[in-house]
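J.: Take a look at this one; I'll ask things after.
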Amino acid sequence: MKSTRTLAFSLLLFGCSGSIGTTGSTGENGGGNGTGTGNGKGGAPGGTGTMQAACKDTITPGPSPMRRLTRWEYNNTVADLLGDATRPAEKFVPEAVQLGFDNNADGATLSAVLISQQEDAASQLASTAVTKLSTLLGCDSAAKGELPCASEFIARFGRRALRHTLSATERERYESFYTKERATGTYAEAIEQVVHAMLLSPYFLYRPEFGTSPLDTKAARKLTGHEMASRLSYMFWGSMPDDILLDAADADTLSTPEGIKAQAERLLMHPRGQASIKNFFGQWGGLSQLSSITRDKIFTPQLAALQMQETEAFVDEIIRKDDGRWSTMLTAPASFRNDVLSAFYGQPGGSKELARVALDPKRTSGLLTQGSLLTLHAHPGQTSPVLRGKFLLERVFCLPPPPPPNDVDATVPAPDPNVSARKQLEQKTQTVAPCMGCHAVINPPGFAFDHFDSMGRWRDVEDNKLPIDTSGELSGTDVDGPFGDHMDLGKLVAQSQTSRECVITEWFRYTHGRDHLEVDTCTMDELRTKFEASKGNIRQLLLDMAQTEAFRYLASSEVAP
Amino acid sequence: MKRFQLSRRAVLRGTGGVSLALPFLEIMGRPGRASAATAPKRIVFWYTTCGTVMQTWRPAAAGKNFEIKAILKPFDTPELRPHLTLVSGVSMEAAKKSGGNGHAAGMTAMMTCRSYKERKPTEFGDVGWGGGISIDQELKSHIKGTPLSSLELGIQTQGQYKNFYSYMSYGKDGGSANAVPADDDPVSTYKRVFSSLPAGATRVEIERIIKRRTSVLDFVGEDYKTLSARLGSRDRMLLERHANLIRELENGLVTLNTACEKPAQPGALARDALYRDANMPAIGKSQMDILAAAFACDQTRVATLQWTEAQAGQVYSSFINTDWTKQGDEIYHHGISHAAVSAAGTTFGDNPKSTAVQLDANDKLTLINNWYAQQLAYFANKLRNTPDVDGKSVLDNTAIVWVTEISEGPNHSFNNMPYVIVGGLGGALKTGEFFDYGNKRAHNDLFITLGQAMGIPNFTTFGDPAFVKGPLDTLLA
């Protein structure tokens, strides 16, 4: 098992003279803005009368850089398209993670290795697909004739594989290709070649968008039905549109917000709707790293996998089955456990399958006390208040602390039998410049969780038997104040509007594959207003996001004149 | 009315009376046949992380009969010693110019000889990406006529960081957009080099398979061209790049040396197994075998073989048998490199200078580097035992260049980079000697030397010109 990502014996030390969260820091999570109103635009949510009017008059969808299927999306898509569950993209060159997600448009890097891997996967998928030729074809070539059947196949399969209805020119091209291949091979081989070619087509590997005829303003175009279908299916299921969506596209019901909402709701509440929820939070929380960190021997690969599943099940439950609110996510006295997990956390019980369990309401604060996150933000054998505090600020508030100066000594103090770990850390980071300014903000929320050890389990005292002090003061946010423990802190965070805005920002990035910009102000204001009105209902947020103009329109500059 | 189109494939195949000299197709595959033919020169950059242990690497004095210390002991044989060259006293000036995080600065300058592009501050110091093209990608651009212009093989390079710590190679202009990933999967590498040709396939069958695959690629290439014309500039450029790569793939298939003697097909590993430390030796061996065959058959002449990422969390305890307990929890490569003591006696941060942990760390690090030297010796012997077209061995006509991103762990030094060169590039390089340049030369100059030794005309500069003096004359034969 590989060791933890960060040097096990180094702290994160931050040096700053300014306050956390002001512009100027361009950490991984984007603009580092502290006001949460987008990049420097300012103005309260809802805006002035003029701004609202301006938003109603023009449509400014922002950029729509072309997306490529991620490895996860590729695997899901070929499973749906061909019934092939081999997940060949598992070993493709990974995407470059940008702004926390692997589906960022700029993360789709190219290399000779990747192209070779794609070609090989397509070749194998096609060859497997034709072993069940009649199922694949859906047409009796003996009865209908080979060419008519092939023709039908190209149109029908092409519509699903290339995610749009093929034009006459496109169909002719594929038919000529088929005919040429049939002249030098069997019927099955010729069909195989067609499938192979489609799986390498840019319409398969990418999601190109052109929109329909331009608006009067010529600045924006509405997306076509099929383009909308793809956006919806990849947003909610991470895969190609199903037949119902394709039919809705053909029937032109995806051209209105109402029509889109109906499909979005169907996709989200369908069992497959868990896919994107889990994928989003898995990346947000960095959960895949659980399988490669080192903790005590008791933390087996099985436990690492279970902690990840626990959190995935929890977030899906809150969003799609429970009340869907971010505040509930942050405070619910519940999780998902099976017998192995329950025993691990010291509360034996449960069955083999993961199930929702009620937990101690005096100790449990939803997502914040999820074992997975507490484990990840720790060191072998020691908690890490710095990592935990930083995670809270960065991913829950979108207020990344600025980095420390170069050449600081970042070693973690070795545990001392006579001094509490908290005192050691405070001594090292909160009594000296240039560390104290930032650590006064980072450390306290981290200390709040110190009753949870490096594997997310409750402990009453430290290893050296000294008592644990979890009290502190939250600062640098919109809900600053004192807290006695992590439960108090959770209640504070659950009230934060900054945190709710962070949720919108993160989902925007995941959905659009880019950061929100000044041109997206109207969209962001609209989402913010609705999210506040719904008391932070994420389920509603996702449906609203699919109905925004940013989601339904394409800037005309994205297409060649 | 359809226009007659001569497909790219047909042209390359030499139809219509056009003939193309395909490299060594007839000559290769017949080992032991001595001829007056000139052998191609091959170069591979061999990467390990976290530097070396100078105390057990660096010979006491420069010259011909240099002392082989503990790390390079696998080369202390009558067969390998003559091929072994050590270079010290060369510094990575470009890395010093980057500053910030030592591993990031080192990794991104190691092959590019330039300082950061896309500099960014982090809690671990400034980081960034390679500042320009890497030497392997530069060299390959001068070499035509092989099915694959280069091969980038990896062992667990894309499992941990997946950022600038993960890449040693960069295309033209460097930066994150041009970082070239290594292929960590021997099954995938194998397919690139030998194509997915079934074992025991006849010549006719092989030709047919290749014909069908290139037919698809031809067709698909048109798709990219048509679509990209309809898109805005950003997306158009992306698809054009993709189309170029498809074209390169097709060219490689067409010019493939199908008479190549292939090693056994490596067994497939699931993704998590591919990144398990215990599987490193087996994966490494597969990659080395594939590369050796690729060189022997002239499928490519430029390669990188990258063991892990920079500052990797590799744990070697499952295959390096020793008592690891003295290092406590820090038994991963990066951690041990920081626990060590440098040749000048410095330790990392406020680590104590001479506790058992420190001394033991040096021992562990020596064992780790010795293990890598064993792998290198295995690879070198493989090349040595492969006859080349000129009657010599493939190793005689190759240079394996061992690189790393810092020289010593405790101080992240960029001085005295521990270069090992195995093989003499067909007599163009001196071998069997230890060269010390007193830290008066930058590694740009070493790469210029290699470029000239590869026979590339007018190769007089590389990387940041501020650090270029010229080739290391004493290294050239």
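The values are calculated or read from the model by the stated rules, or taken from the named source; none is laboratory data. These figures come from a predicted structure and were not determined experimentally. Backbone-built Cβ (ideal geometry, glycine too); neighbour counts: all protein chains shown.
J.: List the number of the failed condition for residue A:170; all other conditions in (1) facing chain B (nearest Cβ under 10 Å); (2) under 30 Å from residue B:171 (Cα atoms) hold.
T.: Condition (2) is where residue A:170 drops out.
J.: Okay, next question. Restrict the check to the stretch A:96-105 and report whether at least one residue is under 29 Å from residue A:187 (Cβ atoms) and touching a helix residue (DSSP H, G or I) at 6+ places or on another chain (Cβ under 9 Å).
T.: Step one: filter the stretch A:96-105 for residues under 29 Å from residue A:187 (Cβ atoms), giving none.
Within the stretch A:96-105 (the criterion being under 29 Å from residue A:187 (Cβ atoms) and touching a helix residue (DSSP H, G or I) at 6+ places or on another chain (Cβ under 9 Å)), the answer is no, since none of the residues qualifies.
J.: From the residues in the stretch A:93-113 that are at pLDDT below 95 and crowded, with 23+ Cβ neighbours inside 10 Å, which one is farthest from the other protein chains (Cβ to nearest Cβ)?
T.: Ranking the qualifying residues of the stretch A:93-113, first place goes to A:108.
J.: For the stretch B:222-277, what are the residues that are assigned to a loop (DSSP other than H, G, I, E, B) and closer than 27 Å to residue B:309 by Cβ?
T.: Initially, the stretch B:222-277 is screened for residues assigned to a loop (DSSP other than H, G, I, E, B), giving B:229-230, B:232, B:255-270, B:275-276.
Result: B:263, B:265, B:266, B:267, B:268, B:269, B:270, B:275, B:276.
J.: Scan B:272, B:298, B:323, B:289 and give me the residue that is of a type outside the set (A, V, I, L, M) and at the interface with chain A (Cβ under 9 Å from one of its Cβ atoms). Walk me through how you get there before you give the answer.
T.: Values: B:298 fails: at the interface with chain A (Cβ under 9 Å from one of its Cβ atoms); B:323 fails: at the interface with chain A (Cβ under 9 Å from one of its Cβ atoms); B:289 fails: at the interface with chain A (Cβ under 9 Å from one of its Cβ atoms).
Sole residue among the options that is of a type outside the set (A, V, I, L, M) and at the interface with chain A (Cβ under 9 Å from one of its Cβ atoms): B:272.
J.: Still on this structure: Counting only residues that are more than 14 Å from chain A (Cβ to nearest Cβ), give me the strands (runs of 3 or more DSSP E) lying completely in the stretch B:34-135 with at least 3 of them. If you could, list the steps in order and put the result at the bottom.
T.: On the way: elements: B:42-47, B:84-91, B:117-120, B:127-129.
Once the strands (runs of 3 or more DSSP E) in the stretch B:34-135 are filtered for at least 3 residues that are more than 14 Å from chain A (Cβ to nearest Cβ), what remains is B:42-47, B:84-91.
J.: Can you tell me which residue in the stretch B:169-199 is farthest from the other protein chains (Cβ to nearest Cβ), limited to those that are within 24 Å of residue A:190 (Cα to Cα) and among the small types (Gly, Ala, Ser)?
T.: B:199
J.: Among A:394, A:462, A:473, which is the only one that is among the charged types (D, E, K, R), under 30 Å from residue A:104 (Cα atoms) and either away from chain B (no Cβ under 14 Å) or buried (at least 18 other Cβ atoms within 10 Å of the Cβ) (or both)? I'd like the intermediate steps shown before the answer.
T.: Details: A:462 fails: under 30 Å from residue A:104 (Cα atoms); A:473 fails: under 30 Å from residue A:104 (Cα atoms).
Testing whether each residue is among the charged types (D, E, K, R), under 30 Å from residue A:104 (Cα atoms) and either away from chain B (no Cβ under 14 Å) or buried (at least 18 other Cβ atoms within 10 Å of the Cβ) (or both) leaves just A:394.
J.: If I ask for residues that are assigned to a loop (DSSP other than H, G, I, E, B) and within 12 Å of chain A (Cβ to nearest Cβ), which ones from the stretch B:301-320 would you list?
T.: Correct list: B:308, B:309, B:311, B:312, B:313, B:314, B:316, B:317, B:318.
J.: When you scan the stretch A:546-561, do you find a residue that is within 14 Å of another protein chain (Cβ to nearest Cβ), charged (D, E, K, R), surrounded by fewer than 23 Cβ atoms within 10 Å (Cβ to Cβ) and outside any loop (DSSP other than H, G, I, E, B), even just one? Walk me through it before giving the result.
T.: In the first step, residues of the stretch A:546-561 are kept if they are within 14 Å of another protein chain (Cβ to nearest Cβ); the result is A:554-561.
Going one step further and asking which of them are charged (D, E, K, R), we end up with A:558.
Applying the additional criterion that residues be surrounded by fewer than 23 Cβ atoms within 10 Å (Cβ to Cβ) yields A:558.
With the extra rule that they be outside any loop (DSSP other than H, G, I, E, B), the set shrinks to A:558.
The answer is yes; a qualifying residue exists.
J.: From the list B:349, B:345, which residue is surrounded by fewer than 19 Cβ atoms within 10 Å (Cβ to Cβ) and away from chain A (no Cβ under 14 Å)?
T.: Values: B:349 fails: away from chain A (no Cβ under 14 Å).
That would be B:345, the only listed residue that is surrounded by fewer than 19 Cβ atoms within 10 Å (Cβ to Cβ) and away from chain A (no Cβ under 14 Å).
J.: Let me ask something else. Which numbered condition trips up residue B:166, out of (1) facing another protein chain (nearest Cβ under 7 Å); (2) under 18 Å from the mean Cα position of the chain (by Cα); (3) part of a loop (DSSP other than H, G, I, E, B); (4) of a type outside the set (Lys, Arg)?
T.: Result: residue B:166 passes all but (1).
J.: Go through the stretch A:243-361 and tell me which helices (runs of 4 or more DSSP H), entirely inside it, have 2 or more residues that are charged (D, E, K, R) and more than 19 Å from the chain's Cα centre (by Cα).
T.: Working: elements: A:243-250, A:257-269, A:274-284, A:301-316, A:326-331, A:339-344.
It comes to A:243-250, A:257-269.
J.: Just wondering, is there one or more residues in the stretch A:523-530 that are within 23 Å of residue A:263 (Cβ to Cβ), in contact (Cβ under 8 Å) with a residue 40 or more places away in the chain and among the aliphatic types (A, V, I, L, M)?
T.: Quick first cut of the stretch A:523-530, residues within 23 Å of residue A:263 (Cβ to Cβ) only: A:523, A:526-527, A:530.
From what's left, in contact (Cβ under 8 Å) with a residue 40 or more places away in the chain: A:523, A:526.
Filter again for among the aliphatic types (A, V, I, L, M), leaving none.
Within the stretch A:523-530, not a single residue is within 23 Å of residue A:263 (Cβ to Cβ), in contact (Cβ under 8 Å) with a residue 40 or more places away in the chain and among the aliphatic types (A, V, I, L, M).
J.: Quick one: in the stretch A:74-92, which of the residues that are charged (D, E, K, R) and at pLDDT below 95 is farthest from residue A:117 (Cα to Cα)?
T.: A:90
J.: Let me ask something else about it. Look at the stretch B:247-269 and say how many of its residues are within 11 Å of chain A (Cβ to nearest Cβ) and either among the basic types (Lys, Arg) or within 22 Å of residue A:90 (Cβ to Cβ) (or both).
T.: 4
J.: Could you list all residues from the stretch B:383-438 that are surrounded by 23 or more Cβ atoms within 10 Å (Cβ to Cβ), at pLDDT below 95 and acidic (Asp, Glu)?
T.: B:388, B:408
J.: Looking for whichever is without any contact (Cβ under 8 Å) to a residue 60 or more places away in the chain and in contact with a His (Cβ under 7 Å, 6 or more places away or on another chain) here; the options are B:368, B:406. Which one fits?
T.: Numbers: B:406 fails: without any contact (Cβ under 8 Å) to a residue 60 or more places away in the chain.
The conditions single out B:368.
J.: Would you check which residues across the stretch A:173-222 are among the aromatic types (Phe, Trp, Tyr), in a helix (DSSP H, G or I) and within 12 Å of chain B (Cβ to nearest Cβ) and list them? So that I can check it myself, show each step before the final result.
T.: As a first pass, look at the stretch A:173-222 and keep what is among the aromatic types (Phe, Trp, Tyr): A:174, A:177-178, A:187, A:203-204, A:206, A:210.
Add one more test, that the residue is in a helix (DSSP H, G or I), and what stays is A:174, A:177-178, A:187, A:203-204.
Selection gives A:174, A:177, A:178, A:203, A:204.
J.: Name every residue in the stretch A:125-164 that is on the phi > 0 side of the Ramachandran plot and among the small types (Gly, Ala, Ser), in order of residue number. Lay out the reasoning, then the answer.
T.: Here is the first cut: in the stretch A:125-164, the residues on the phi > 0 side of the Ramachandran plot are A:138, A:145, A:163.
Of everything in the stretch A:125-164, those that are on the phi > 0 side of the Ramachandran plot and among the small types (Gly, Ala, Ser) turn out to be A:138, A:145.
J.: Considering each of B:203, B:192, B:208 in turn, give the residue that is modelled with pLDDT under 95, touching a helix residue (DSSP H, G or I) at 6+ places or on another chain (Cβ under 9 Å) and of a type outside the set (S, T, N, Q). Can you show your working first?
T.: Values: B:203 fails: touching a helix residue (DSSP H, G or I) at 6+ places or on another chain (Cβ under 9 Å); B:208 fails: touching a helix residue (DSSP H, G or I) at 6+ places or on another chain (Cβ under 9 Å).
Matching residue, one of B:203, B:192, B:208: B:192.
J.: Next question, about the same structure. Condition check: surrounded by 22 or more Cβ atoms within 10 Å (Cβ to Cβ), among the β-branched types (Val, Ile, Thr) and at negative phi. Does residue A:298 satisfy that? Full working, then the answer.
T.: Working: surrounded by 22 or more Cβ atoms within 10 Å (Cβ to Cβ): no; among the β-branched types (Val, Ile, Thr): yes; at negative phi: yes.
Judged against the criteria, residue A:298 is not a match.
J.: Same structure, new question: Could you go through the stretch B:285-301 and let me know if any residue there is under 20 Å from the mean Cα position of the chain (by Cα) and farther than 30 Å from residue B:423 by Cβ.
T.: The initial filter retains those residues of the stretch B:285-301 that are under 20 Å from the mean Cα position of the chain (by Cα), namely B:285-301.
With farther than 30 Å from residue B:423 by Cβ added as a condition, the list becomes none.
No: the stretch B:285-301 contains no residue that is under 20 Å from the mean Cα position of the chain (by Cα) and farther than 30 Å from residue B:423 by Cβ.
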